[in-house]
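Just so it is clear, none of the values below were taken in a lab; they were calculated from the coordinates. Source: prediction; values computed, not measured. Reconstructed Cβ throughout: ideal geometry from the backbone, glycine too, with neighbour counts over all protein chains shown.
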Amino acid sequence: MNNKSIKYELQNILSGKSGGSYDATIQAVTRHLRTSQRTSPVAEEKHQNKAKEKEKLINFATQNNLFLDTILTENYISEGAEQKVYIKDAQSVIKLNDAIYYASWEDYFHNLLLHNYFFADTAYHLLGFYILKDDLYAVVSQNFIKTDSLTELHQVKAFLNTNGFINTKNNDYYQSELGIILEDLHDENVLTSKGMLYFIDTVFYVKPEIFWQ
């Protein structure tokens, strides 16, 4: 498949016109955010709209029974700046994300959809939402990957290069034909198991002026 076809397919996925079964709830939420709001590529304007997006998400989650009652604190594993991680069962984990890395909640959900397209073996499934200390979190599940060796970043770079993602600095990459940025791919966000790379925490952004052309 050439990049033009890939871009068209990704545009349909982010627009909610196609996608896998695990994308349906994510797409429904994204459509709700998109309704009656002006989409702006300017990060400052998106930040200004983020509080309004939070209100819309709370209303949508309430109307569609997407609020989770509790998260079992005894299943807590770890957390970073952007998310909290809990064990769900032997095969999967639960992650709570407040979209702090993103200018808008819509950008965060676009990240989930892009991740699911490129890395289906660690696809995110949106379970719902949770409020903790007045902060809104999206709750997603993901396959648990048991590592058996350290990840070699030069292998990550080689793998991404074959898919047109060029290293720009540190652990950040850019696919110029698609207009997609992929960041923060250090050895804790890309795991190795049985010689295979598993991308578990990705940060995708699109350049609207290129991606939506």
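On alpha-carbon atoms, Rg over Rh for the range 68-134 using Kirkwood Rh?
Rg/Rh for the range 68-134 comes to 0.95.
When a/c reaches 1.5 or more, the comparison of a/b and b/c decides; with that in mind, is the range 153-211 rounded, prolate or oblate per its Cα gyration tensor? Don't skip to the end; give the middle numbers.
Working: a/c = 2.19, a/b = 1.85, b/c = 1.19.
Prolate, because a/c is 1.5 or more and a/b exceeds b/c.
Report the calculated FRET efficiency for LEU132 and GLU209 (r = Cβ-Cβ distance, R0 = 30 Å), to the nearest 0.05. Don't skip to the end; give the middle numbers.
Details: r = 36 Å, r/R0 = 1.21.
For R0 = 30 Å, the calculated efficiency reads 0.25.
Quick one: 3J(HN,Hα) in Hz for the range 200-213, Karplus 6.51/-1.76/1.60 with θ = phi - 60°, rounded, Gly and Pro as x.
Those phi angles translate into 9, 10, 10, 10, 9, 9, 10, 8, x, 5, 9, 4, 8, 5 Hz.
Taking the Cα centre as origin and putting +1 on Lys and Arg beta-carbons and -1 on Asp and Glu beta-carbons, what dipole magnitude results for the chain, to the nearest 20 debye?
Details: 20 positive and 27 negative charges, 134 e Å.
Using Cβ point charges on Lys, Arg, Asp and Glu, the chain gives about 640 debye.
Identify the trypsin sites (Lys or Arg not before Pro) of the range 60-138 meeting these criteria: DSSP loop state and at most 14 other C-beta atoms within 10 Å of the C-beta.
Working: sites: LYS84, LYS88, LYS95, LYS133; in loops: LYS88, LYS133.
Here the sparse-neighbourhood loop sites are LYS133.
Amide H neighbours of LEU197 under 5 Å, at least 5 residues apart or on other chains, H built in the peptide plane: list them.
none
Calculate the radius of gyration of the Cα atoms of the chain to one decimal place, then report Dmax, the largest Cα-Cα distance, as a whole number, both in Å.
Cα-based Rg and Dmax for the chain come out at 17.0, 48 Å.
So what are the ³J(HN,Hα) numbers for the range 179-188, from phi and the Karplus equation (6.51, -1.76, 1.60; θ = phi - 60°), rounded to whole Hz, Gly and Pro as x?
Once θ is set to phi - 60°, the couplings for the range 179-188 become x, 10, 9, 10, 10, 6, 8, 7, 6, 9 Hz.
Amide H to amide H under 5 Å from SER18: which residues, 5+ apart in sequence or cross-chain, H placed 1.01 Å off N in plane?
ILE13
Filter the cross-link list LYS56/LYS169; LYS157/LYS207; LYS56/LYS146 down to pairs whose alpha-carbon distance in this structure exceeds 29 Å.
Values: LYS56/LYS169 36 Å; LYS157/LYS207 21 Å; LYS56/LYS146 37 Å.
In this structure, LYS56/LYS169; LYS56/LYS146 exceed 29 Å between Cα atoms.
Could I have the simple spin-label model distance between ILE71 and ILE58, label points 7 Å from Cα toward Cβ, reported in nm to one decimal?
Computed distance between label sites ILE71 and ILE58 equals 1.7 nm.
Mean projection of the alpha-carbon convex hull of the range 44-94 over all orientations, in nm²? Let's see the in-between values first.
Working: hull surface 20.8 nm².
Dividing the Cα hull surface by four gives the mean projection, 5.2 nm².
How many nm separate the modelled label positions at ASN161 and ARG34, each set 7 Å beyond the Cα in the direction of the Cβ?
3.6 nm
Using only the Cα atoms of the range 81-181, build the gyration tensor, take square roots of its eigenvalues as a ≥ b ≥ c, and label the shape rounded, prolate or oblate: rounded if a/c is under 1.5, else prolate if a/b is larger than b/c, else oblate. Walk me through the numbers on the way to the answer.
Details: a/c = 2.09, a/b = 1.38, b/c = 1.52.
The shape class here is oblate.
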